[in-house]
1. If you rank Arg515, Arg226 by how much accessible surface each has, with a 1.4 Å probe, what is the order from largest down?
2. How much of the accessible area of the chain, probe 1.4 Å, is carbon plus sulfur, in whole percent?
3. Near Arg740, within a Cβ-to-Cβ distance under 13 Å, what is the net charge of the other residues, with Lys and Arg +1 and Asp and Glu -1?
4. Along the positive direction of the dipole of the chain (beta-carbon charges: Lys, Arg +1; Asp, Glu -1; about the Cα centre), which of Val280, Ser550, Leu14 reaches farthest?
5. Starting from the Cα of Lys42, draw a straight line to each of the aspartates and glutamates and keep only those under 16 Å, dropping any in the same chain fewer than 8 residues away.
6. Using 1/(1 + (r/R0)^6) with R0 = 35 angstrom and r between the beta carbons of Asn696 and His751, what's the FRET efficiency to the nearest 0.05?
7. Given R₀ = 35 Å, what would the calculated FRET efficiency be for Asp147 paired with Gln786, taking r from the Cβ atoms and rounding to 0.05?
8. State whether the range 23-125 is rounded, prolate or oblate according to the following rule on the C-alpha gyration tensor (a ≥ b ≥ c being the square roots of its eigenvalues): a/c under 1.5 gives rounded; otherwise a/b larger than b/c gives prolate, and the remaining case gives oblate.
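The values are calculated or read from the model by the stated rules, or taken from the named source; none is laboratory data. Fair warning: this is a prediction, and the values are worked out from it, not measured in the lab. With ideal geometry, Cβ positions are generated from the backbone for all residues, glycine too; neighbour counts draw on all protein chains shown. Only protein heavy atoms, including side chains, enter the accessible area calculation; ligands, DNA and RNA are left aside. Shrake-Rupley method; radii C 1.70, N 1.55, O 1.52, S 1.80 Å.
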Amino acid sequence: MRAVLMAGGSGTRLRPLTCDLPKPMVPILNRPIAEHIINLLKRHDITEIVATLHYLPDAMRDYFQDGSDFGVQITYSVEEDQPLGTAGCVKNIAELLDETFLVISGDSITDFDLTAAIEFHKQQKSKATLILTRVPNPIEFGVVITDEEHRICRFLEKPSTSEIFSDTVNTGAYILEPEVLEYLPANTESDFSKDLFPLLLAKGEPMYGYIAQGYWCDVGHLDAYREAQYDALEQKVNLDFPYEEQSPGIWIGQNTYIDPTAKIEAPVVIGDNCRIGARVHIEPGTIIGDKVTIGSDANLKRPIVWNGAIIGEEAQLSACVISRGTRVDRRAHVLEAAVVGSLSTVGEEAQISPGVRVWPSKKIDSGAILNINLIWGNTAQRNLFGQRGVQGLANIDITPEFAVKLGAAYGSTLKPGSRVTVSRDQRNISRMVTRSLIAGLMSVGIDIQNLDATAIPIARTVIPTMGVAGGIHVRVHPDRPDYILIEFMDAKGINISKAQEKKIEGAYFKEDMRRSLIHEIGDVAYPSQVVDEYCTAFEKLLHIDTLRNSRAKVVIDYVYAVSGAVLPQMLDKFGADAVVLNASLNKTAMSATDRETLLTQLGHVVEALKANFGIQVSANGEQLILVDESGIPIRGEMLTALMVDMMLTSNPRGTVVVPVHTSSAVEQIARRHDGKVIRTKANPTALMEASYKNANVVLGGSADTGFIFPQLHPGFDAMFCIAKLIEMLTIQERSLASVRSELPRVIHKSHIIRCPWTAKGALMRHLVETHPAQNLELIDGVKICQQYDDSWVLLLPDASEPLVHLYANSNDRDWVDENLRNYRARVQAFVEREQEQVVAEV
């Protein structure tokens, strides 16, 4: 059998280690990852290898040559112009693959039994067999579900946290029949997981998953790299050690001198031709490459030191990575998780703080304390985007320097000369962050349409009319007053896709944003009549005569978060009487308790003025809470049901889009009006996309997110919602109280359960495996449905916290209470078992 070794990766998340080295050549136990893979192939009698290369191909060719020194025969295929993707590069060498072949990643560490996997493939007469394994946290990998016969029935590439429905993942190793390559176009970028495997699934080709036992680690980022090193040293994975074991747990290469006064504690690896000075202390977990010199009295606590490094006297290295040829001078300190790129110099008594990364060939002056990456920008993070945009503590996480870099990263994903809108709420912190984003965008040649302080519904409305590539909106987070939320929108005004988020993160983490020449620096324009455009679009979707005849009186509470609001003037123009409360801007954001106090006051004012209803507006014009004519608040599931009822009464046979956890009252209401309900993932982007793409959608969203009227714009809009409510109440001759009294009585309760990140995937898989498939919905999380009515239970992993949200829904209160208790106990018991198992393994 022939193997294809995928060795083209650049390893951007391993920077700075991979700035001058392809990821498969990064060393584990002082030997390249690719060498360990070749040793694994050789152990299973696979000696004919085709290596596909793209990034720095000469590094691998120079090291392995024709493979004869390693007991194999290697042929190379180089993607010269652009990468063809995981499947495209294999299609490119199809003429070399005339029988069953193995594809294996060159950037993972494993000791899987490949012989058993190949035998399984043959027994099942499979066209494509994916080698799978189970991991505690599958969010970084492609999740796969197989049936009882191990046939693949579903998979999802790199899911978000709430999409996890199994902890069985794709390891990037496949056994394939050559005919499957016929499904791929030649010389075209394509991916196994995104393109070929879904196509095979759709065509009904036999495709199986082999769940392998043994060790597997995708060395995809720096934490995983350190973990793989330490696991290899502790022999958790079956790898060949390149040196002789001089004493238990201590491997030392040839021609290495160790001073008799040095103290070495197992397990430790020390390479060939090293010099270890007097009184050096090498603690367990340390890995030292070839030709390394360590000065006297140095202290090494689990560092990974690559070939040719020089460590000075009394230097302190703690669980860091010191790359090839780097010099760490006397009494310098390199602390936990720091990484120093190749051929760099750390001066005497300098200190590199935990987690800091230094790019290759840098110099750190003597005595300097380095708290940020030595590269343009600030400290590194693993992810920028959460469930909704980029968010963090104001002026702590989201700082001016962070925003400049984020703006440049976003701009670098767009063509030079592109235009984007930038808008914000009226807070000073938002003004500061916006100006920093603008500076970053201009630096990479992006022109700015500065909408300044503009409600986000207005920004979403005008973006499609301005010929821009997208937009950014900055505001204080609706739910966390000490946080800033930065949202990115596409040319339609919809929040950008996960794929676009990944591109921005890639540009940010690579830290290689383009730099424009002076004459290419972006320009800033301040478009006029933005509000007029919104008002015009607003009016076109309303029955103006109805509004004028309504003589409605409404009370609007802006909760000290906005001034100069558009809506009161528009309502006045339509003949409605709008009483505005708390419209001045308060410098400190309101707490939840303060908002509740104001909501109570709003109820009293509505009742006293005999107004039709009241509204508390929040989230920069996106969200609202209603108060009926009696001063009673309408919010949560009741508000969602009320809006669905009113919109479907006005638009029979219409479609509404709601998040997966919304009460089943919406389906009951839809049946009354011959309407349709589409449920989506529980995130704003999914709601916007579904509302925009599906036909005949009259309403999207929920009380939690706000409501979408897709004919106006694809985002949430409390202002239009208020005007539409006045119109519908007038036409339908109803009051909010009467609408509320006619809503279905559905019991809908929720509970939050603590669940470690490492247990989420296993929990979701357990739920899928312990319930009949016909009772399951996997839109987001795992929903267990009763087939005879609208009763269901939903378990939804939180996207940003170690939590699981539990929802129970039914017309029967006892059923809800019983299942809430039952599933709460089941989840807690499962989590406890998982934690006990982890403790036992440790």
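1. Working: Arg515 120, Arg226 25 Å².
So the residues, ranked largest to smallest area, are Arg515, Arg226.
2. Details: 16070 of 34030 Å².
Carbon with sulfur: 47 percent of the solvent-accessible area.
3. Combined, the nearby Lys, Arg, Asp and Glu give -2.
4. My answer, from the dipole projection, is Ser550.
5. Within the straight-line cut-off, Lys42 pairs with Asp66, Asp69, Asp111, Asp113, Asp240.
6. Efficiency at R0 = 35 Å is approximately 0.50.
7. 0.90
8. Working: a/c = 1.70, a/b = 1.17, b/c = 1.46.
In terms of gyration-tensor shape, oblate.
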